[in-house]
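Structure first, then comments.
The values are calculated or read from the model by the stated rules, or taken from the named source; none is laboratory data. No experiment lies behind these values; they were computed from the predicted model shown. Reconstructed Cβ throughout: ideal geometry from the backbone, glycine too, with neighbour counts over all protein chains shown. Each accessible area value is taken on the protein alone, full model and side chains, heavy atoms only, with ligands, DNA and RNA left out. Shrake-Rupley method; radii C 1.70, N 1.55, O 1.52, S 1.80 Å.
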Amino acid sequence: MPEPGRKPEPDKRAAAQQAVDILHEISTLLNCHLDRRAISICVSMIEKGVNPEALAGVIKELRQEAQGVERQVAGRRA
């Protein structure tokens, strides 16, 4: 078991980076609009037990909220 606070081994780090790169390519193909950082955070949350479907739902809700706020701000400028 790895010690807390210890950096991952280079092989594990490279494998994790490769996985994020592949997931980013898939995300791009599916027009998910997730950057590598967001994908990495999502993967980490899923590895810690977060339900992937629930996480996807929260991301959708947050995007809808953000669009609503952007519309409100744009309406105030006009």
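Among the residues of region 11-36, those that are under 22 Å from residue 64 (Cα atoms), open to solvent by 100 Å² or more (accessible area, probe 1.4 Å) and either assigned to a helix (DSSP H, G or I) or touching a strand residue (DSSP E or B) at 6+ places or on another chain (Cβ under 6 Å) (or both) comprise 29, 36.
Would it be correct to say that residue 50 is outside any helix (DSSP H, G or I), on the phi < 0 side of the Ramachandran plot and over 10 Å from the mean Cα position of the chain (by Cα)? Yes; evaluated as a whole, the condition is true for this residue.
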